[in-house]
Amino acid sequence: MNKIFLVIEREFLTRVRKKSFIIMTILTPLLFAGIMIVPMIIATMEDKKERNIAVIDDSGLFKDKITETEYLKFTYLDGVSVPDLQSSFSESNYYAVLYIGRMVASSPDAVILYSDKQPSMDITSHISSSIRNEVETQKLKTYDIENLEEILKNIKTSIKVRTIKWTKDGEAKESSSELAFGVAYILSFLVYMLIFLFGSQVMRGVIEEKSSRIIEVIVSSVKPFQLMMGKILGIAAVSLLQIVVWIVLTFGLVTAASAIFMGSSEKAMAQKESVSNLMDQPGMAQAMPEGITEQSFAGEMMTALSNMNFVLIIGGFIFFFIGGYLLYAAMFAAVGSAVDSEADTQQLTIPITIPLILAIIVMVSGLRSPDGALTFWFSMVPFTSPIIMITRLPYGVPPWELALSGALLIVTFIAVTWLAAKIYRVGILLYGKKHTWKEMWKWMRYNS
Amino acid sequence: MDILTTRNIEKRFSNHLALDDVSISVPEGSIYGLLGPNGAGKTTLIRIINQITGPDKGEVECFGRPMKADDIYNIGYLPEERGLYKKMKVGEHAIYLARLKGLSRNEALKRLKYWFEKLEIQGWWNKKIEELSKGMAQKIQFVVTIIHEPKLLIFDEPFSGFDPINANLIKNEILDLKKKGSTILFSTHNMESVEEMCDHITLINKAKNILSGHIDKVRQQYGSNVFELSFKGDVQTVKDSLNLNYELVSHSEEAGLIKAHIKVNEYSADNRLLGLVLPVAEIFGFNQVIPSMNDIFIQVVQEYNKAHGLKS
């Protein structure tokens, strides 16, 4: 038994000492953190700049009617044409020129925005919704309805669905399906990638031992099963170390960065309670029922984030990743034993990659209906459960389903490893030929 | 006493029989040669003895009792397909393999130091395996095979890949190990080294043991009826003097001396041969020709294949 630890130790140390491992371990959290931090930075920077847009209104309908925001101002010009402005545009302080044609009510492409930069989506969508609102209002006015102003104020309603989860002990917790979606998507994709990454490392390790001809030297002192398991567990230890470093570093980087870019953490907490300034838009604030304050999007996410069961999600992630990895690593090891070089593996790995790819396809529909029948069954079948169960986890999964899926995974992993070891034992000693699954099936039935 | 005995080993792979009823007995303290054409089943037999694969039928006895899993600590095995992890450092690698054979880290370090000094390869300790030449790597493999001082050593083609100087060095180390009391079983195609080193041999052909025994007895058995006669005189006269019991197989001339190989059809008649040729030639020498292992190998394998209607 202690020889298996020697194998694990070697597999672990030779990999951890590699430069590529150290670089990957440090760079990946930078990437993760970057993905989270960059939008934060952009969000804080972009809106701070005040932009002035010149409006040339040939229809004469929109003077002072386009909604201004904190950072977006409109200047209405009379008796100036677009070519006039174009010649002096670079000297003017205008960010853009908005031209509204005479026939705006009937032809939708009568509105043109000129600029020497590409105006952002935020700006164009803000302008188009403002003009649309105004045109609609104007059209309604032609119907001569009494008290129109008041009616309009009353019918404009903002709907924002907040989701609140009732827990067993009667508490009501703010949750967020967007957040669950994001977490589920990222984590299940990560499991998929990591199983592939570390599974093929096992395969490559086996091929290396075969092609460098060390295998027979080793199996004269270690049982082939011990060597295979030692390799699989050694690489599992490497992967766990890497994941833990990734989680800790990413968390640290994001916390540090948000403290820098979002101001002090107190401010972030305060934001959670603050009333949104999205309320600038007319007709919205008035339409809100009294007594309910709306949180900003970021604040909402914070509440939902702190309400998520992170111990369960991270624990589940690690359990299902390790279970899935062990299951697939054994199969990858069997394939590695049947070939002499990596170039020969492609055909043989197809039966392994199909369930994984299938899982990714099911994941996409699982994100939409985490409790659907398809998702349920795929989260039970051990070859896909490591990915699909992670997809369901952030939405909440009944404990019995978790336990059943986990138990099935463990049982299957043991059975598959047992069979893979039988293939491995024969394959590692046969050189010079690429073998087929049919032959590997025969090897399973040899006696040791 | 026999240190290793295999009894009626049979091993079948999906489409062919690799070993068919193979029994060998390796006496303690001897050097035992395992010979045979490529694909005869030598490596399969060696793998069964090393418990890498199991036999379908038959049993292996080691150290006077049925073989146990722990016996691998008392066996050193140098496989034919041998290599090392390319990315590891020589010293680190040697320690790893020695620990797999049951040595503690400190003990492994101590013994490796001794052997590295003895073979004058201390300077390699911190090199990576991939920087070594094939011959250099073979030396490391040899050292780690014997590092745990096993009672039984098994070498599969130990000399392949060595230049003559290093092959000689390894040969002397093997003879040295024998002197210290180890038993050595090795397979080889190098018949000269068999003649020089082996006490016993087994010839395996087409999955069967077709010849076993002490090497001197084997050579006498296959060479007892050819004699070499050195003389001065006329070959034709000598040939004419022979009766039906003798046959001149070949002759050659060297510095005026004719050496003729004469086959004796009746074993007991060798003395009478001299009586026949003495009157017609000046005799300088007369001795039995002992065939080389090479000749015996070819003869036995071809005869066996012919008798069983097999292609060689």
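The values are calculated or read from the model by the stated rules, or taken from the named source; none is laboratory data. For clarity, every value in this text was computed on a predicted model and none was experimentally measured. When we count neighbours, we look across all protein chains shown, and the Cβ atoms used for this are built from the backbone with ideal geometry, even at glycine.
Side notes on the structure shown:
Yes/no matrix, rows are residues, columns are (1) of a type in the set (D, E); (2) out of contact with any helix residue (DSSP H, G or I) (no Cβ under 7 Å at 6 or more places or on another chain):
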{"position": "A:S200", "(1), (2)": "no, no"}
{"position": "A:G205", "(1), (2)": "no, no"}
{"position": "A:E209", "(1), (2)": "yes, no"}
{"position": "A:R213", "(1), (2)": "no, yes"}
{"position": "A:I218", "(1), (2)": "no, no"}
{"position": "A:F225", "(1), (2)": "no, no"}
{"position": "A:M229", "(1), (2)": "no, no"}
{"position": "A:L240", "(1), (2)": "no, yes"}
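- Identity of the residue in the stretch B:47-89, within 12 Å of chain A (Cβ to nearest Cβ), in a loop (DSSP other than H, G, I, E, B) and among the hydrophobic types (A, V, I, L, M, F, W, C), that ends up nearest to B:M136 (Cα to Cα): B:L84
So that you can scan it fast, the table gives a plain yes or no per residue for (1) crowded, with 22+ Cβ neighbours inside 10 Å; (2) more than 20 Å from B:I184 (Cα to Cα); (3) away from every other protein chain (no Cβ under 12 Å):
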| site | (1), (2), (3) |
| --- | --- |
| B:G91 | no, yes, yes |
| B:E130 | no, yes, no |
| B:G135 | no, yes, yes |
| B:V144 | yes, no, no |
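- Residue match in the stretch B:166-187 (condition: under 24 Å from B:I75 (Cβ atoms), within 12 Å of chain A (Cβ to nearest Cβ) and either over 19 Å from the mean Cα position of the chain (by Cα) or not acidic (D, E) (or both)): no
- Considering only residues in the stretch B:198-207 that are in contact with a Phe, Trp or Tyr (Cβ under 8 Å, 6 or more places away or on another chain) and not in a strand (DSSP E or B), the one that is surrounded by the most Cβ atoms within 10 Å (Cβ to Cβ) turns out to be B:C198.
- Any hit, the stretch B:168-186, residues being more than 30 Å from B:K118 (Cα to Cα), at pLDDT 85 or above and surrounded by 15 or more Cβ atoms within 10 Å (Cβ to Cβ): no
- The single residue among B:G33, B:G102 that is part of a strand (DSSP E or B), in contact (Cβ under 8 Å) with a residue 40 or more places away in the chain and of a type in the set (G, A, S) turns out to be B:G33.
- Filter pass, A:V335 being touching a helix residue (DSSP H, G or I) at 6+ places or on another chain (Cβ under 8 Å), within 23 Å of A:V202 (Cα to Cα) and away from chain B (no Cβ under 14 Å): yes
- Hits in the stretch A:391-441 - residues which are farther than 21 Å from A:T353 by Cβ and either in a loop (DSSP other than H, G, I, E, B) or not assigned by TED's automatic domain parsing to the domain that holds A:A330 (or both): A:G396, A:V397, A:P398, A:I428, A:L429, A:L430, A:Y431, A:G432, A:K433
- Of B:K110, B:K151, B:K101, B:K139, all but one fail to be more than 25 Å from the chain's Cα centre (by Cα) and away from every other protein chain (no Cβ under 12 Å); the exception is B:K110.
- Flag: B:L78 does not match the condition of being crowded, with 20+ Cβ neighbours inside 10 Å and either more than 17 Å from B:I184 (Cβ to Cβ) or more than 23 Å from the chain's Cα centre (by Cα) (or both).
- Any hit, the stretch B:2-25, residues being surrounded by fewer than 22 Cβ atoms within 10 Å (Cβ to Cβ), assigned to a loop (DSSP other than H, G, I, E, B), away from chain A (no Cβ under 12 Å) and over 22 Å from the mean Cα position of the chain (by Cα): no
- All told, B:E173 falls short of being under 30 Å from B:A18 (Cα atoms), assigned to a helix (DSSP H, G or I) and out of contact with any Gly (no Cβ under 6 Å at 6 or more places or on another chain).
- The stretch B:247-257: number of residues that are closer than 18 Å to B:Q288 by Cβ and either in contact with a Phe, Trp or Tyr (Cβ under 9 Å, 6 or more places away or on another chain) or modelled with pLDDT of 85 or more (or both): 2
- Odd one out for B:I210, checked against (1) more than 21 Å from B:I296 (Cα to Cα); (2) in contact with a helix residue (DSSP H, G or I) (Cβ under 9 Å, 6 or more places away or on another chain); (3) outside any loop (DSSP other than H, G, I, E, B): (1)
- Some residue of the stretch A:425-432 being touching a helix residue (DSSP H, G or I) at 6+ places or on another chain (Cβ under 9 Å), within 14 Å of chain B (Cβ to nearest Cβ) and of a type in the set (D, E, K, R): yes
- When each of B:Y32, B:Y96 is tested for being within 14 Å of another protein chain (Cβ to nearest Cβ) and buried (at least 20 other Cβ atoms within 10 Å of the Cβ), the lone residue that passes is B:Y96.
- Restricting the stretch A:32-79 to residues that are over 26 Å from A:S90 (Cβ atoms) and among the small types (G, A, S), the residue that is modelled with the lowest pLDDT: A:A43
- Selection within the stretch B:150-167 - of a type outside the set (K, R), at pLDDT 90 or above and over 17 Å from B:G83 (Cβ atoms): B:P150, B:L152, B:L153, B:I154
- Flag if A:T25 is out of contact with any Cys (no Cβ under 7 Å at 6 or more places or on another chain), in the same structural domain as A:R132 (by TED's automatic domain parsing) and among the hydroxyl-bearing types (S, T, Y): no
- Selection count where residues are within 10 Å of another protein chain (Cβ to nearest Cβ) and of a type in the set (G, A, S), scope the stretch A:206-235: 4
- Residues that are in contact (Cβ under 8 Å) with a residue 12 or more places away in the chain and either more than 15 Å from A:S177 (Cβ to Cβ) or polar (S, T, N, Q) (or both) within the stretch A:356-368 comprise A:L356, A:L358, A:A359, A:I360, A:V362, A:M363, listed in sequence order.
- If only residues of the stretch B:62-75 that are touching a residue at least 60 places away in the same chain (Cβ under 8 Å), of a type outside the set (F, W, Y) and more than 30 Å from A:I207 (Cβ to Cβ) are counted, the one that is surrounded by the fewest Cβ atoms within 10 Å (Cβ to Cβ) is B:G64.
- Within the stretch B:158-167, tally of residues that are of a type in the set (A, V, I, L, M) and surrounded by fewer than 17 Cβ atoms within 10 Å (Cβ to Cβ): 1
- Among the residues making up the stretch A:369-390, those that are more than 20 Å from A:F413 (Cβ to Cβ), part of a helix (DSSP H, G or I) and either in contact with a helix residue (DSSP H, G or I) (Cβ under 9 Å, 6 or more places away or on another chain) or in contact (Cβ under 8 Å) with a residue 24 or more places away in the chain (or both) are A:L374, A:T375, A:F376.
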